[in-house]
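Shown next, in structure tokens, is the structure this report addresses.
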Amino acid sequence: MSSAKLLSAFQEAHGHLVARAASEKSVYLGLVFKSYTLRTTSQFALGYFFLIVLGIAERLISFGIDSIRDKPGQPWRIFPRACLYYVVTMIRYVLMIAIMYVYVEMFLIICLGLALGQILVEAIRYFLMMRRLKRAKLDDGGSSSS
């Protein structure tokens, strides 16, 4: 799907949500401890942006948890992993509560944020893999010439 088509689809979905909100007067976005009523285009944009950022943050923090490896003799590594898991669980619950308000557009926005986060995680993994391969190649080249 081209970026123009994707932008057009996003604008159409946003227009539908704004029209629906105008007929219903507002859209309610509950985020566990704090709730917001979205009425204007800028409020919708801010709400969309916040949900996308939460989705990206969830994927990046999950990647961070996986990046902290267990090593024998270093039990202290359990604590940072547990702290990150606590944060990522809170983010997941906030996203779940937002989805439970049954606005298809919000569901799609949350899925978009999670997908963008996963793309970022995959790009980081690829970069790290290529860096490891390059180092291994340099190490093999240096040891075979001696």
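Check segment 55-66 and report whether any residue there is open to solvent by less than 70 Å² (accessible area, probe 1.4 Å) and over 15 Å from the mean Cα position of the chain (by Cα). The answer is no, given that none of the residues of segment 55-66 is open to solvent by less than 70 Å² (accessible area, probe 1.4 Å) and over 15 Å from the mean Cα position of the chain (by Cα).
From Arg135, Arg92, Arg69, grab the single residue that is basic (Lys, Arg) and within 30 Å of Leu46 (Cα to Cα). Reasoning before the result, please.
Values: Arg135 fails: within 30 Å of Leu46 (Cα to Cα); Arg69 fails: within 30 Å of Leu46 (Cα to Cα).
Among Arg135, Arg92, Arg69, only Arg92 is basic (Lys, Arg) and within 30 Å of Leu46 (Cα to Cα).
Residue selection: Leu120 fails the criterion of being under 16 Å from Phe10 (Cα atoms), open to solvent by 50 Å² or more (accessible area, probe 1.4 Å) and in contact (Cβ under 8 Å) with a residue 40 or more places away in the chain.
The residue that is surrounded by the most Cβ atoms within 10 Å (Cβ to Cβ), counting only those in segment 1-54 that are in contact with a Ser or Thr (Cβ under 6 Å, 6 or more places away or on another chain) and at pLDDT 70 or above, is Arg39. Of all residue pairs spaced 6 or more apart or on separate chains, those with beta-carbon atoms under 7 Å, a first member in segment 81-95 that is open to solvent by 40 Å² or more (accessible area, probe 1.4 Å) and a second member that is assigned to a helix (DSSP H, G or I) and aliphatic (A, V, I, L, M) are Arg81/Ile65; Leu84/Ile61; Leu84/Ile65; Tyr85/Ile65; Val87/Ile61.
The values are calculated or read from the model by the stated rules, or taken from the named source; none is laboratory data. What you are looking at is a predicted structure, and each value in this text was computed from that prediction instead of being measured. Positions of Cβ are backbone-derived with ideal geometry, glycine not excepted, and every protein chain shown enters the neighbour counts. Calculation scope for accessible area: heavy atoms of the full protein, side chains included, ligands and nucleic acids excluded. Shrake-Rupley method; radii C 1.70, N 1.55, O 1.52, S 1.80 Å.
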